[in-house]
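S.K.: Take a look at the following structure, please.
A short reminder: the numbers here are calculations on the coordinates, not readings from a lab. Computed from a predicted model, the values in this text were never measured in an experiment. Using ideal geometry, Cβ is built from the backbone for each residue, glycine included, and neighbour counts are taken over all protein chains shown.
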Amino acid sequence: MIEGALWRRWIFYNIPLILFVFVLLFPFYWMIVTTFRPDGELYRPWNAVNYMPFWTNNPTLEHILYLFEETRFARWMFNTMFIALVSTVISLFCGVLAGYALARLNFPYAGGLGTAIFITYLVPQTLLFIPLAEIIRNFRLGDSPWALILTYPTFLIPFCTWLMMGYFKAIPKELEECARIDGASRWKAMVYIIIPVAVPGILSSGIIAFTLSWNEFIYALVFLSSPEQKTVPVGVTSELIRGDVFFWGPLMAGALLGSIPVAIVYSFFVEHYVSGLTGSVKG
Amino acid sequence: MAVTALSAAESKRLSPRLRKLEDERWLALALLTPTAVLLGLFIAYPFFEGVLLSLSNARVGHPGEFVGLKNFYKIWNDSIFHTTVWNTFWYTGVTTVFKLALGLWLAILLNRHFRGKAIIRAFILLPFIIPTVLSTFAWKWMFDPTFSVINWTLFQLGLITTRINWLGDPDLAMTSIIVINIWRGVPFFAITLLAGLQTISPELHEAAAIDGARPWQRFWHVTWPLLMPVTLVVVLFSVIQTFADFQLVYVMTGGGPANATHLFATYAYQLGIGTGLLSEGAAISLAMFPFLFVIVVVQLLYIRRVETR
């Protein structure tokens, strides 16, 4: 990149970048401040005198305590974690196998099936939630974690398959052929040679699948009804708003704590996440 | 890595089932079965059920019978549905333009070497990682009519004298929702476009610069055409997600005030789940399908044209 004098770099690069970062991160800062701000300070009108919205001198844990004592927040966290983990594992299993078949095997209709996977990749959850709710009820899965564990793979598998196809295609054919010449069966060549090479891809798909299931909302909202079965996003939405009254302190505390597991997983695997994200848009 | 070569004697001892998997067609069938079962059961079957449901008069607790296209006729004449269709296109169009422009700008800002680049890139993706519902609540609190920090800031800067009721006015509510969607989508655009930018060789820029191209010309004649394939796919994904969006509007306004900010999904939810008119809800959801279908086909054709050019 060709760059000029220092002042130009500040005007054209550094200041815009700082503004971007500020706007993108401010809502999270606001979440944190609200979590630790006592109610007395929270509900002061925006034009009150001596109002200092960006900082508090009396931090409190009352909102976090409220969350754990008055709601089933711990249970929601556990539910979300459990559902996200199990549906991720199921989707990875299916996606890795299907991705391998579509990328490396010759069989009739392979091209058509690849297109079909791509099309399901593009089906949004909001297209099917009403008939799916009926089906879940007919299968007697309503109000149980299995309603979500079995339906989340519908948007996770196409994604994992698509991403894994890209990774598998990049592995040279010779690697497999060598193993076959040495006498490995097709199955063993796949399990012991190709899949280990594709581990970075599996990690990337797994992390993105995990964040996607943690983020899912409409299925969880429609399929679950009792407070102890809910996931964090649904629990926070339905139990911390009573009629028109918003419990902003606990709401922000719930939003903050509910984001932490995803943020931790993300922080450990940033590079994998980014490579998965960029891989997912490669045609 | 494990030692995997099998001796000749060992390979003879393969069970009949494993020997069958030596045939690529059988192996492919075995590998694709779990995926086919799950997707068939929870995508193809619900789609089929959804079509049947939208052609019936089913309500909660009432199985309903076949009524033909009556539901579609009804929503065709429903003024809220008209608003919904308009809102969805407006929302999708405006946010996509802004997400692309700002995302590209941010990607260009990040496409240099500077200290702390990795950390900034990691932090920038946060709006995209954090569950949408949870971050949208933070925005809702920022847009609160009485306690809005945005109003406070504008008031302190002397830009306003009375409060702005962000979510009470239909146009302002829609604008607020659009702002939040852009906020959430820009990181995705920036990071994926950054990956595209990094595949463009700097030598091309240098060559253009030596030939006397101004920075803007270098962008327009070198960067933009080379970035086109990635841009199109990113836009395709974003358009579909935005068109079918639910969470953001559900949390911010629930479709209000007075049904002015509904998208397809929130209106389908309100009718289908809220009031129990399953068949009409299913019809509204399915009404998205032709639009999505056209968007996908047009985009895919265009992508193919750009890639084979």
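S.K.: Quick check on segment A:130-283: what are the equivalent-ellipsoid semi-axes from the Cα gyration tensor, as sqrt(5λ), descending, whole Å? Don't skip to the answer; put the middle values down first.
M.R.: Values: eigenvalues 310, 79, 27 Å².
After diagonalising the Cα gyration tensor, the semi-axes are 39, 20, 12 Å.
S.K.: Of A:Cys178, A:Cys160, A:Cys94, how do they rank once you tally other Cβ atoms within 10 Å and put the fewest first? Display every interim value, and only then the final one.
M.R.: Values: A:Cys178 14, A:Cys160 31, A:Cys94 25.
Starting with the residue having the fewest Cβ neighbours, the order is A:Cys178, A:Cys94, A:Cys160.
S.K.: If I take every Cα pair under 8 Å that is 6 or more residues apart in segment A:103-231, average their sequence separation and divide by the length, what percent do I get for the relative contact order?
M.R.: On the way: 77 pairs, mean separation 48.7, N = 129.
Once divided by the residue count of segment A:103-231, the mean separation gives 38 percent.
S.K.: Quick one, can you get me the convex hull of the C-alpha atoms of the protein assembly as shown expressed as volume per residue in Å³?
M.R.: Working: hull volume 113.0 nm³, N = 592.
Hull volume over Cα atoms, normalised by residue count, gives 191 Å³.
S.K.: Can you tell me what percent of all Cα-Cα pairs in segment A:72-149 are more than 14 Å apart?
M.R.: On the way: 2225 of 3003 pairs.
Within segment A:72-149, distances greater than 14 Å cover 74 percent of Cα pairs.
S.K.: If you don't mind, there's one more thing I want to ask. Inside 10 Å of the C-beta atoms of A:262-268, what's the mean count of C-beta atoms belonging to other chains? Working shown, then result.
M.R.: Values: counts 5, 3, 0, 1, 6, 4, 0.
Other-chain Cβ atoms within 10 Å of each residue's Cβ, averaged: 3.
S.K.: Give the average, rounded to an integer, of partner chain Cβ atoms located within 10 angstrom of each Cβ in B:186-194. Present the calculation step by step, with values, prior to reporting the outcome.
M.R.: Details: counts 3, 3, 2, 0, 2, 5, 7, 2, 2.
Mean partner shielding for this stretch: 3.
S.K.: About its Cα centre, what dipole magnitude does chain A give when the only charges are +1 on Lys and Arg Cβ and -1 on Asp and Glu Cβ, stated in debye to the nearest 20? All intermediate terms of the calculation are to be shown ahead of the outcome.
M.R.: On the way: 17 positive and 17 negative charges, 132 e Å.
Result for chain A is approximately 640 debye, rounded to the nearest 20.
S.K.: Can you tell me the dipole magnitude for the protein assembly as shown around its Cα centre, using point charges on the Cβ only (Lys, Arg +1; Asp, Glu -1), in Debye to the nearest 20?
M.R.: Values: 39 positive and 33 negative charges, 227 e Å.
I would put it at about 1080 debye.
S.K.: Pairs of Cα atoms under 8 Å, at least six residues apart: use those to get the relative contact order of segment B:1-144, whole percent. Each step should come with its number before you reach the end.
M.R.: Values: 30 pairs, mean separation 10.2, N = 144.
Relative CO of segment B:1-144 lands at 7 percent.
S.K.: For B:Lys74, list the aspartates and glutamates whose Cα falls under 17 Å from its own Cα; do not include residues on the same chain fewer than 8 positions away.
M.R.: B:Glu65, B:Glu280
S.K.: Here is a follow-up. Between segment B:16-64 and segment A:51-72, how far is it from one alpha carbon centroid to the other, in angstrom?
M.R.: Spelled out, the Cα-based centre of one part sits 47 Å from the other.
S.K.: Counting only GluC sites (Glu not before Pro) that are in a DSSP loop and have at most 15 other C-beta atoms within 10 Å, tell me the longest site-free stretch of chain B.
M.R.: Details: sites that count: B:Glu22, B:Glu65.
Excluding the exposed sites themselves, the longest stretch runs over B:66-309.
S.K.: Let me ask you something else. At a 10 Å Cβ-Cβ cut-off, how would you order A:Arg186, A:Arg180, B:Arg115, fewest neighbours first? Each step should come with its number before you reach the end.
M.R.: Numbers: A:Arg186 19, A:Arg180 16, B:Arg115 7.
If I rank by nearby Cβ atoms, fewest first, I get B:Arg115, A:Arg180, A:Arg186.
S.K.: Here is a further query. For an R0 of 51 angstrom, estimate the FRET efficiency from the Cβ-Cβ distance between B:Tyr302 and A:Arg75 and round to the nearest 0.05. All intermediate terms of the calculation are to be shown ahead of the outcome.
M.R.: Details: r = 48 Å, r/R0 = 0.94.
The computed FRET efficiency comes out at 0.60.
S.K.: Could you size up the charge dipole of chain B around its Cα centre, putting +1 on the beta carbon of Lys and Arg and -1 on that of Asp and Glu, and report it in debye to the nearest 20? Before the final figure, lay out each step's value.
M.R.: Numbers: 22 positive and 16 negative charges, 140 e Å.
Its charge dipole is roughly 680 debye.
S.K.: Still on this structure, please answer the following. Principal axis extents for chain A, Cα atoms only, whole Å, descending order, please.
M.R.: 80, 67, 31
S.K.: Continuing with the same structure: Taking a threshold of 24 Å on the Cα-Cα distance, which of the pairs A:Lys188/B:Lys20; A:Lys173/B:Lys20; B:Lys99/B:Lys140; B:Lys117/B:Lys140 fall above it?
M.R.: On the way: A:Lys188/B:Lys20 13 Å; A:Lys173/B:Lys20 21 Å; B:Lys99/B:Lys140 20 Å; B:Lys117/B:Lys140 31 Å.
Beyond 24 Å between Cα atoms: B:Lys117/B:Lys140.
S.K.: Taking Cα pairs under 8 Å and at least six residues apart, what relative contact order does chain A come out at, in percent?
M.R.: Averaging sequence separation for qualifying contacts and normalising by length gives 29 percent for chain A.
S.K.: Okay, next question. Taking amide H positions as placed in the peptide plane 1.01 Å from N, state which residues far from B:Ser56 in sequence (5 or more) or on other chains have amide H under 5 Å from it.
M.R.: It is B:Val67, by chain and number.
S.K.: So, R0 is 56 Å and r is the distance between the beta-carbons of A:Cys178 and B:Thr162; what FRET efficiency does that work out to, to 0.05? List each step's numbers first, then the result.
M.R.: On the way: r = 76 Å, r/R0 = 1.35.
Efficiency at R0 = 56 Å is approximately 0.15.
S.K.: Please list the non-local residues whose amide H lies under 5 Å from the amide H of A:Thr56, H modeled 1.01 Å from N, same-chain partners needing a gap of 5 or more.
M.R.: Sorted by chain and number, the residues that satisfy this come to none at all.
S.K.: Helix-only estimate, please: 222 nm mean residue ellipticity of the protein assembly as shown, summing -39500 (n - 2.57) across DSSP H runs of length 4 or more and dividing by its residues, to the nearest 500.
M.R.: Values: 32 runs with 399 residues, N = 592.
Computed mean residue ellipticity for the protein assembly as shown: -21000 deg cm²/dmol.
S.K.: Obtain the radius of gyration and the Kirkwood radius of segment B:177-309 from its C-alpha atoms and give Rg over Rh.
M.R.: Using Cα coordinates only, the ratio equals 1.15.
S.K.: Something else now. Quick one: what do you get for segment B:23-173 if you divide its Cα Rg by 2.2 N^0.38 Å?
M.R.: Numbers: Rg = 24.6 Å, N = 151, 2.2 N^0.38 = 14.8 Å.
In units of the 2.2 N^0.38 Å rule of thumb, it is 1.66.
S.K.: Starting with the fewest neighbours, write out A:Lys169, B:Lys140 ranked by other beta-carbon atoms found within 10 Å of each beta-carbon. Walk me through the intermediate numbers first.
M.R.: Values: A:Lys169 11, B:Lys140 20.
Result, fewest neighbours first: A:Lys169, B:Lys140.
S.K.: Place +1 on the Cβ of every Lys and Arg and -1 on the Cβ of every Asp and Glu in chain B, take the dipole about the Cα centre, and give the residue among B:Leu106, B:Gln198, B:Leu292 whose Cα lies farthest towards its positive end.
M.R.: About the Cα centre, the residue reaching furthest to the positive side is B:Gln198.
S.K.: Average partner chain C-beta neighbours within 10 Å, per residue of A:185-194?
M.R.: Values: counts 10, 8, 9, 8, 1, 3, 2, 5, 3, 0.
Per-residue shielding by partner chains comes out at 5.
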